[in-house]
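The structure appears right after this line, and notes come after that.
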Amino acid sequence: MPDPLLSLADIRAGYGAGIVLEDVTFDLPESGSLAVLGRNGVGKSTLILTIMGMTHIGRGRIVWRGEDITAYPPHRRARAGIGWVAQEREIFSNLTVEENLTVASRQGRWDLPSVYDLFPRLAERRRHLGNQLSGGEQQMLAIARALMTNPALLLLDEPLEGLAPIVVEELAAAVRRMTGEAAGAFILVEQHADIALSLTQSVIVLERGRIVHSGPSAGLLADHAAMDRLIGLRLAEA
Ligand SMILES: Nc1ncnc2c1ncn2[C@@H]1O[C@H](COP(=O)(O)OP(=O)(O)OP(=O)(O)O)[C@@H](O)[C@H]1O
Ligand SMILES: [Mg+2]
């Protein structure tokens, strides 16, 4: 068996003395994809931040391509090939779309032409400032900017949150194309459980910071009783 791309073993993490995640263990293979589901406040963003090195890790190990990165600061993880789209988007509002895209770009499969091809709306607005974009366009820009760093692993924290249904469809289609075309791995936190499961190979469901379900995404998508039990409220809320 080749080494996994990313491996979390028995992770306990949180903020200061406060523990949010407990006993979190999973492997992600090269080019693998993982959906992270669960209700509000269960620790999904904390898991993403923990992989990026932005929480306090009290126990356990994070291993990237065979190397223990548990104590690495965020910039070393980014340099190693872990890219991140924050739940808060965090695009540069006083830079143009194109400047946002090129500011952190690195050589690879994704470049300006290919991200403009993926998001034609960004090509149309290439000279607009970040703060002149709609919410959906800002989200497209946040994803496109992360792609431009050509990460081996892309972490997406609720990319469809707060968007109108028609924009959700447009963005989900782009994410589907992106994940179908790119060789990179990704982890997708999403409230739209059905979309997340249809885009990924495997899934974990969190409840109060612990993994309460893990398995193939297709299996959970087909198991209506388990979907209902694990994330039923989530679907009803959506
Ligand atoms: N910066 C922080 N400092 C202290 N506690 C935090 C911080 N960020 C989150 N928390 C706490 O950690 C817990 C998990 O929050 P987290 O944001 O990871 O949940 P989530 O599953 O991403 O929720 P949502 O679906 O609303 O995005 C919550 O109790 C939250 O209050
Ligand atoms: Mg969150």
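The values are calculated or read from the model by the stated rules, or taken from the named source; none is laboratory data. Quick caveat, the model's predicted, so the values are computed rather than measured. Note: ideal-geometry Cβ built from the backbone for every residue, glycine included; neighbour counts use all protein chains shown.
Of all residues in the range 41-62, those satisfying the criterion of being of a type in the set (V, I, T) and away from ligand 2 (no atom under 14 Å from the Cβ) are I57, I62.
Of the set (1) surrounded by 15 or more Cβ atoms within 10 Å (Cβ to Cβ); (2) in contact with a Leu (Cβ under 7 Å, 6 or more places away or on another chain), all apply to H128 but (2). Within the range 134-148, can you find the residues that are buried (at least 21 other Cβ atoms within 10 Å of the Cβ) and either outside any helix (DSSP H, G or I) or of a type in the set (V, I, T) (or both)? Matches in the range 134-148: I143, M148. All conditions in (1) in contact with a Lys or Arg (Cβ under 6 Å, 6 or more places away or on another chain); (2) not in a strand (DSSP E or B) hold for I51, with the sole exception of (1). Considered as a group, the residues in the range 8-50 that are among the hydroxyl-bearing types (S, T, Y) and under 25 Å from G180 (Cβ atoms) include one that is farthest from ligand 1 (Cβ to nearest atom), and that residue is S31. Within the range 93-112, restricting attention to residues that are among the charged types (D, E, K, R) and in contact (Cβ under 8 Å) with a residue 40 or more places away in the chain, the residue that is surrounded by the fewest Cβ atoms within 10 Å (Cβ to Cβ) is R109. Any residue at all in the range 22-43 that is part of a strand (DSSP E or B), under 28 Å from L220 (Cβ atoms) and more than 18 Å from the chain's Cα centre (by Cα)? For the range 22-43, residues part of a strand (DSSP E or B), under 28 Å from L220 (Cβ atoms) and more than 18 Å from the chain's Cα centre (by Cα): present.
If the condition is being at pLDDT below 95 and hydrophobic (A, V, I, L, M, F, W, C), then the range 1-38 contributes M1, A17. The single condition among (1) within 17 Å of S33 (Cβ to Cβ); (2) of a type in the set (D, E, K, R); (3) within 13 Å of ligand 1 (Cβ to nearest atom) that R208 does not meet is (1).
So, in the range 180-192, of the ones that are of a type in the set (A, V, I, L, M, F, W, C) and more than 14 Å from the chain's Cα centre (by Cα), which residue ends up farthest from S7 (Cα to Cα)?
Only one residue tops the list, namely A182.
What single numbered condition from (1) over 26 Å from D27 (Cβ atoms); (2) of a type in the set (F, W, Y); (3) within 14 Å of ligand 1 (Cβ to nearest atom) fails to hold for Y116? Of (1) over 26 Å from D27 (Cβ atoms); (2) of a type in the set (F, W, Y); (3) within 14 Å of ligand 1 (Cβ to nearest atom), only one is false for Y116: (3). Go through (1) of a type outside the set (D, E, K, R); (2) out of contact with any Gly (no Cβ under 6 Å at 6 or more places or on another chain); (3) closer than 23 Å to F26 by Cα; (4) in a loop (DSSP other than H, G, I, E, B) and name the single condition P151 misses. Going through (1) of a type outside the set (D, E, K, R); (2) out of contact with any Gly (no Cβ under 6 Å at 6 or more places or on another chain); (3) closer than 23 Å to F26 by Cα; (4) in a loop (DSSP other than H, G, I, E, B) one by one, P151 breaks only (2). Do we find a residue being of a type in the set (D, E, K, R), over 23 Å from A226 (Cα atoms), within 12 Å of ligand 2 (Cβ to nearest atom) and more than 11 Å from the chain's Cα centre (by Cα) anywhere in the range 63-84? Checking the range 63-84: not a single residue is of a type in the set (D, E, K, R), over 23 Å from A226 (Cα atoms), within 12 Å of ligand 2 (Cβ to nearest atom) and more than 11 Å from the chain's Cα centre (by Cα). The sole residue among G219, G215, G180 that is assigned to a strand (DSSP E or B), more than 16 Å from ligand 1 (Cβ to nearest atom) and out of contact with any helix residue (DSSP H, G or I) (no Cβ under 7 Å at 6 or more places or on another chain) is G215.
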